[in-house]
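Colleague: I have a structure I would like to understand better, so I am pasting it below and will then ask my questions one at a time.
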Amino acid sequence: MPNKKSLTWGSYAYYVLSAALLLGTFYILVGCTTASAAGKRSKKAPDMRLSAGPNELIVAAYNVLNLFDTQYDAGKEDYTFLPSGTEIPGTGKKKEDFCGTMTGYYKQQCLETNWTEAHFQLKLKQIKRAVEAIGDLPDLLGIEEIENETAARELAAVLGYGTNYYITDSPDNRGIDVALLYRGDKLELIGEPYEIRLVGENFPPSFTEKPTRNILRMQFKPKTNPDTVLSVYVNHWPSQSATAKTLKRMLTAEALRKDIDAETKRIGKEKHYVIALGDFNTLLREVPNAFNNVIQDPKWENSMVDAQDLAIEADQRFMRRMPPGTYFYYGDRTWNKLDRLLFSNNFNDNQGIELLPKTFRIVAPDFLMAKEPFSVDDPEAFLNGSVFSKIPAGYNFLSLEEGEAGYSDHLPVAVKVKLSGR
C-alpha cells in the first residue's frame, strides 16, 4: 500500500470508497441474519387517513391546479383550456390565434393542449382520488384554482357534496377562483356567502392591472354548538411572480384581518370561531411577512394559529412522516409551506370547539408523489443521476391516461376539529 502522503485525491477516494463498500457489505450480511427478528419487532406504519366521529369535523384545503371546463368564459384568458379549433365568440378568431399572442412556455402549452370533455372528466377523477386520500369526505373543503360554476358543480357532484358548494366570481385574468364545498349533516349554512374584493381605492393600481382572487367567507352553525358561529375564509393570495410583490400579499392579509375584526365584533369573540385556509403563496423568509406581521401578529387580539405549527409542537417525530411543505419549487429545489390551515386562538383555549393538532396531515400517499432527478450544470457532479426527493406529481394536461396524468403541483392539507357535543 503506498504511503498516505503520496496519494492523489483520485487514489485516496478509491481507498475510501473501497472501505465504505466493505463496511456496507458487512451491514448487509448482518442485516440478512437479523431481518426476521427485526420484522417481528417493527410496527405497522400508521394509517394517515382521517376519520371523523359524530362530534368532529375534517377541515381541508387543496389547490387542484387549473380545473377548467371546456367552454370559453367571456372576458377571461382561458384559451389554453379549450378544445383545439374553438371559435371565440365575437372575435372571428380561434383559440390558436390567441395562443399565438403568448410567449415562451405559455404559448407552447396553449397550442399543444386540446382540452376536451374527456380531459376535463379525467381531471375531476384525479382530484377525487386525491381527496379520498384524506380519509372521510371533509366537512369543509377549500378549493383553489377552479374556473367557474360549471367546474364547481361537476366537482361537488363527483366528490359527493351535491349542491353544498359556493364559488367566487373574481376579476382574475385567467379566470381561476376559489370555492368551498361542505357537508350539511353537521353544519348549517347561515347568511349569504361574502366575497372580499381586493380592488378599489384602498388598493394600489397593481391590483387593477393584475387582479387577484377574491377571498370567500362563508358562515356556519355547528349543529352540536348552535350558539357559536364558524366563519370560514378561502384564500388564494397573489402569486410569487415578479409582478406580485410582497406588498400585495401584505395588503391581502390586511383585508382578511379587517373582515375578521368586523365579524368578531359583530358576533362576539366568545361565540366566533374563525378558519382561514387555502394557498397563501407566502414564503417563510419574506420580509415583511404577511403572517408574522399581520395574520399571526401576537399583538393582534384575533391572532390566528397555524395547525401545522401546533402539530410540530405536539409531535415532531410523527410530522417527519410527511413532506416538509406542500409545494416543491423546481427553481431552487426547495419545499415551501404555501398551503395552510389557520384557526382563531379560541380553538386552542379548551373552552369550546377544539383544534386537534396531532391530526394535521400533509396528504402525500405515494400515488400523489413523483421522483425528481437531481441535476446541476456540472455533468460530473456527485449527485447527478440520483433521485433528489419525492415531490407532488404535477398534472399532464395532454394525457388521457390515469397513470400518467398526475394530480397537482400542490399537496392537500387536512386536520380535525372537535365539537363540544352538547
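Colleague: Identify, from the list 281, 293, 350, the residue that is out of contact with any Pro (no Cβ under 8 Å at 6 or more places or on another chain) and touching a residue at least 12 places away in the same chain (Cβ under 8 Å).
Modeller: Values: 281 fails: out of contact with any Pro (no Cβ under 8 Å at 6 or more places or on another chain); 350 fails: touching a residue at least 12 places away in the same chain (Cβ under 8 Å).
Just a single option satisfies the conditions, and that option is 293.
Colleague: Could you check the stretch 311-336 and list, in sequence order, the residues that are touching a residue at least 24 places away in the same chain (Cβ under 8 Å), under 25 Å from residue 273 (Cα atoms) and surrounded by fewer than 20 Cβ atoms within 10 Å (Cβ to Cβ)?
Modeller: 313, 314, 315, listed by residue number.
Colleague: Take residue 217 and tell me if it is touching a residue at least 40 places away in the same chain (Cβ under 8 Å), closer than 17 Å to residue 170 by Cβ and not aromatic (Phe, Trp, Tyr).
Modeller: Working: touching a residue at least 40 places away in the same chain (Cβ under 8 Å): yes; closer than 17 Å to residue 170 by Cβ: yes; not aromatic (Phe, Trp, Tyr): yes.
Answer is yes for this residue.
Colleague: Restricting to the stretch 231-244, what's the tally of residues that are hydrophobic (A, V, I, L, M, F, W, C), surrounded by fewer than 17 Cβ atoms within 10 Å (Cβ to Cβ) and touching a residue at least 40 places away in the same chain (Cβ under 8 Å)?
Modeller: Qualifying residue count for the region: 0.
Colleague: Looking at 264, 224, which one is within 19 Å of residue 344 (Cβ to Cβ) and at pLDDT 95 or above?
Modeller: Details: 224 fails: at pLDDT 95 or above.
Every option except 264 fails the conditions.
Colleague: Name the single residue that is nearest to residue 258 (Cα to Cα) among those in the stretch 185-214 being in a loop (DSSP other than H, G, I, E, B) and hydrophobic (A, V, I, L, M, F, W, C). Show your work before the answer.
Modeller: From the stretch 185-214, those in a loop (DSSP other than H, G, I, E, B) are 185-186, 197-205, 210-214; that's our starting set.
Narrowing the set further to residues that are hydrophobic (A, V, I, L, M, F, W, C) leaves 198-199, 203.
Values: 198: 12, 199: 15, 203: 14 Å.
It comes out as 198.
Colleague: Among what's in the stretch 160-174 and is surrounded by fewer than 24 Cβ atoms within 10 Å (Cβ to Cβ) and not hydroxyl-bearing (Ser, Thr, Tyr), pick the residue that is nearest to residue 217 (Cα to Cα).
Modeller: This residue is 169.
Colleague: Here's a follow-up. Regarding the stretch 80-98, can at least one residue be identified that is of a type in the set (Phe, Trp, Tyr) and under 30 Å from residue 364 (Cβ atoms)? Lay out the reasoning, then the answer.
Modeller: Initially, the stretch 80-98 is screened for residues of a type in the set (Phe, Trp, Tyr), giving 81, 98.
From what's left, under 30 Å from residue 364 (Cβ atoms): 81.
Yes, that holds for at least one residue.
Colleague: Could you check how many residues of the stretch 162-180 are small (Gly, Ala, Ser) and under 14 Å from residue 74 (Cβ atoms)? I'd like the intermediate steps shown before the answer.
Modeller: Looking only at the stretch 162-180, we keep the residues that are small (Gly, Ala, Ser), and these are 162, 170, 175, 179.
Right, trim to under 14 Å from residue 74 (Cβ atoms) and you get 175.
Total satisfying the criteria: 1.
Colleague: Under the condition of being within 13 Å of residue 301 (Cα to Cα) and aliphatic (A, V, I, L, M), which residue from the stretch 245-273 is surrounded by the most Cβ atoms within 10 Å (Cβ to Cβ)?
Modeller: Here the residue is 260.
Colleague: Which of (1) at negative phi; (2) small (Gly, Ala, Ser); (3) surrounded by fewer than 15 Cβ atoms within 10 Å (Cβ to Cβ) is the odd one out, the single condition residue 290 does not satisfy?
Modeller: (3)
Colleague: Same structure again: Return yes or no: is residue 309 closer than 26 Å to residue 245 by Cα and acidic (Asp, Glu)? Let's see the steps before the verdict.
Modeller: Working: closer than 26 Å to residue 245 by Cα: yes; acidic (Asp, Glu): yes.
When the stated conditions are applied, residue 309 passes them.
Colleague: Follow-up. When residues of the stretch 293-339 are filtered for being under 17 Å from the mean Cα position of the chain (by Cα), of a type in the set (Ser, Thr, Tyr) and at pLDDT 95 or above, how many remain?
Modeller: Total satisfying the criteria: 2.
Colleague: What number of residues within the stretch 72-90 satisfy the criterion of being outside any helix (DSSP H, G or I) and hydroxyl-bearing (Ser, Thr, Tyr)? Before you say what the answer is, go through the steps one by one.
Modeller: Quick first cut of the stretch 72-90, residues outside any helix (DSSP H, G or I) only: 72-78, 82-90.
Checking which are hydroxyl-bearing (Ser, Thr, Tyr) leaves us with 72, 84, 86.
Residues meeting the conditions: 3.
Colleague: OK, next. Would you check which residues across the stretch 159-183 are β-branched (Val, Ile, Thr) and not in a strand (DSSP E or B) and list them?
Modeller: As a first pass, look at the stretch 159-183 and keep what is β-branched (Val, Ile, Thr): 163, 167-168, 176, 178.
Of everything in the stretch 159-183, those that are β-branched (Val, Ile, Thr) and not in a strand (DSSP E or B) turn out to be 163, 168, 176.
Colleague: Going through 96, 132 one at a time, which residue ends up being within 30 Å of residue 414 (Cα to Cα) and without any contact (Cβ under 8 Å) to a residue 40 or more places away in the chain? Outline the logic, then answer.
Modeller: On the way: 96 fails: within 30 Å of residue 414 (Cα to Cα).
Answer to the check: 132.
The values are calculated or read from the model by the stated rules, or taken from the named source; none is laboratory data. The shown structure was predicted, so the numbers you read here are calculated from the model rather than taken from an experiment. Using ideal geometry, Cβ is built from the backbone for each residue, glycine included, and neighbour counts are taken over all protein chains shown.
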